[in-house]
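Written below as structure tokens is the structure these notes are about.
The values are calculated or read from the model by the stated rules, or taken from the named source; none is laboratory data. Keep in mind that what you see is a predicted model, and the values were worked out from it rather than measured. Glycine gets a Cβ as well: all are built from the backbone with ideal geometry, and neighbour counts include every protein chain shown.
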Amino acid sequence: MLVLLLSFIILPIYEIKVVNASKSFITQQEINYSFIDPELLNSQNNHLQHFDINVIHNGETFEGYNLFILIQENVTGEKRVKRNILLITDMEGKILIECDLGISAMHSMPVKFINATTLLFYSPKLRSTVLWNLQNNKTVKMNFSGHHEFEYNPINNTIFTLVFHTEQINGSSYTFDYIREYDKSALIWSLDTHDFISHKQMCPFGDMMSGGSVDVVHGNTVFFDSEENIIYFNSRNVNTFYKIDHKTGKVLWGLGEFGNFTLFDQKGIQKKSLFYHAHAVEKVDDNTFILFDNDMHNKSNNQNKRSRLVEITIDEETMTANETWVWKPPINYFSVILGDADRLPNGNRLGTFGDARAHENNIGGRIVEIDEKGNIVWEMNFQNNERFWYYVYRAERFCFGPILDPITTCIESTENYTEVEWRAEAWYNFRTKQRFTEPYTLYLDNQSIHHGIHTFDKFWQPTIISENLGPLRLGTHTITVEFNGIFAGYNVHNNLIIGACPSINNEPTDDRGLAVAFILLLISGGIATIGLMVFLYRKR
């Protein structure tokens, strides 16, 4: 029995414990926002004096910052003026950047990152598409305009947008869209949507332009996958989005009411269309799209009016498309126009219900974060009042630096040392449509141990950074990951404390250690049995 006891005493089992492992992003205080282009910013900042914002926390969120353009409509005069205000807020609704872009007749003004520091948007005040570097406060005017969409092409360093054009057909006026691509000022590529969308596919509920022509197409999304050189274009009024070869201009397929796919809802029931007057079609992986289904002018039930977030998974061999995730909120979230949907790195979804005028609840636009099970975990909403109504076209969640979620593994342990493999899931600062590469340095206890280059995946898909740290003495150690942003020129630090310590009762242990202990237990038991038999034999 003495040998049995020794086998446990001399073979302690150790495990690695992550004491503190927080995701990283640069805080607002680390970036200087004190200088803003005077052409863009109203220095008085008094146009938001009636601004009323509410934030509700109700669960585990993806922490970061929120980027969007808030449309503030003055409803007191005969001419309802719409002011466009670019905002960056934290999760509590605190405004970090506020930029008056000017007055426009339209509600649909997107803003997005094209790299770690540069925003792309349209400024009515400057009458130009604009690139704005937040770090050095430099702006570039692109000297062209468009509607609903401004999408970056990193291959050509150009911008896609949409331009209305009207044609006379049998004595009536019909409006279509050009999908156009510009460099700083010159048009370099164009596709007429009338080439693949017929005026006979117009919405039967009478979607009209302000000038009286029939609004046939009403494009609102150009999503460019640069690695495939593919454009995904969404036509709101035709209830269909299209895959287009950018090189040839050929439409490869359509998905929706006038598309090539057989459509199935979440219950497996075949449908003529899975969405009505949708917005913001985006890829989340190679075969899955997410979109905002306004459910406006629903041909199967025009009184339904239940806006949703929808994910659709496609099979291009069988040409089938299936709803694979849906969030259908209460009816008071119905958004007649506008809308956005994104999937976040933690599996939550971010939805923008941009226009809630259909319900008398005094709430304008809402930005909502939903978990995988459909629970609202966070919401930011904007209170309408007698003077102003508020709308949001799209919203983006982002961080000011790469995001890390550490996973630490104990490889082998002895009484005084633990060999550790450090691993972390990594995502880029924002939801990219291309892969970004960043150099980094890994420090252990403030000593540089590795220099590397990491490639972040597109569509906010996770990648892995890993390093074998070798044997560490039992105790507390600090790991720091320093990214040297190619675009941004800043460093991002991700600190976590690792304590290597003996496992205790009722806590997980290393399986290999348990196996060794069990083998030694059998050996020691056998030795004890043989010893006992020898003792009894000699006693006889």
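Descriptive notes on the structure:
Here's the yes/no breakdown for (1) within 25 Å of residue 280 (Cα to Cα); (2) in a loop (DSSP other than H, G, I, E, B); (3) within 29 Å of the chain's Cα centre (by Cα); (4) in contact (Cβ under 8 Å) with a residue 60 or more places away in the chain:
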position	(1), (2), (3), (4)
379	yes, no, yes, yes
385	no, yes, no, yes
395	yes, no, yes, yes
406	no, no, yes, yes
424	no, no, yes, yes
430	yes, yes, yes, yes
433	yes, yes, yes, yes
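- Considering residues of region 129-138 that are in contact with a Phe, Trp or Tyr (Cβ under 7 Å, 6 or more places away or on another chain) and crowded, with 16+ Cβ neighbours inside 10 Å only, the residue farthest from residue 97 (Cα to Cα): 129
- Residue selected from region 259-284 under the condition surrounded by fewer than 18 Cβ atoms within 10 Å (Cβ to Cβ) and out of contact with any Lys or Arg (no Cβ under 9 Å at 6 or more places or on another chain), by the criterion farthest from residue 326 (Cα to Cα): 260
- Qualifying residue in region 346-362 (condition: of a type in the set (S, T, N, Q) and at positive phi): yes
- Taking region 314-358 as the range and being within 25 Å of residue 428 (Cα to Cα) and assigned to a loop (DSSP other than H, G, I, E, B) as the test, the residues that pass are 339, 344, 345, 346, 347, 348.
- Pairing residues of region 161-176 that are free of Cβ contacts under 8 Å to residues at least 40 places away in the same chain with residues that are outside any strand (DSSP E or B), at Cβ distances under 7 Å and at least 6 apart in sequence or on separate chains, gives 163/146; 167/194; 169/199.
- Count of region 468-494 residues which are at pLDDT 80 or above and on the phi > 0 side of the Ramachandran plot: 1
- Only listed residue being within 21 Å of residue 221 (Cβ to Cβ) and at pLDDT 90 or above, chosen from 103, 88, 95, 159: 159
- Residues satisfying the stated conditions in region 147-170, i.e. of a type outside the set (A, V, I, L, M, F, W, C) and surrounded by 22 or more Cβ atoms within 10 Å (Cβ to Cβ): 148, 149, 151, 153, 161
- Filter result (free of Cβ contacts under 8 Å to residues at least 40 places away in the same chain, more than 14 Å from residue 86 (Cβ to Cβ) and among the hydrophobic types (A, V, I, L, M, F, W, C)) within region 97-147: 105
- One residue alone among 251, 310, 238 is among the aliphatic types (A, V, I, L, M), modelled with pLDDT of 95 or more and within 20 Å of the chain's Cα centre (by Cα), and that residue is 310.
- Residue 205, sole failed condition from (1) assigned to a strand (DSSP E or B); (2) touching a Lys or Arg at 6+ places or on another chain (Cβ under 9 Å): (1)
- Filter result for residue 56 (in a strand (DSSP E or B), surrounded by fewer than 16 Cβ atoms within 10 Å (Cβ to Cβ), of a type outside the set (S, T, N, Q) and modelled with pLDDT of 55 or more): yes
- Flag not set for residue 364, criterion: touching a residue at least 24 places away in the same chain (Cβ under 8 Å), surrounded by 15 or more Cβ atoms within 10 Å (Cβ to Cβ) and in contact with a Gly (Cβ under 8 Å, 6 or more places away or on another chain).
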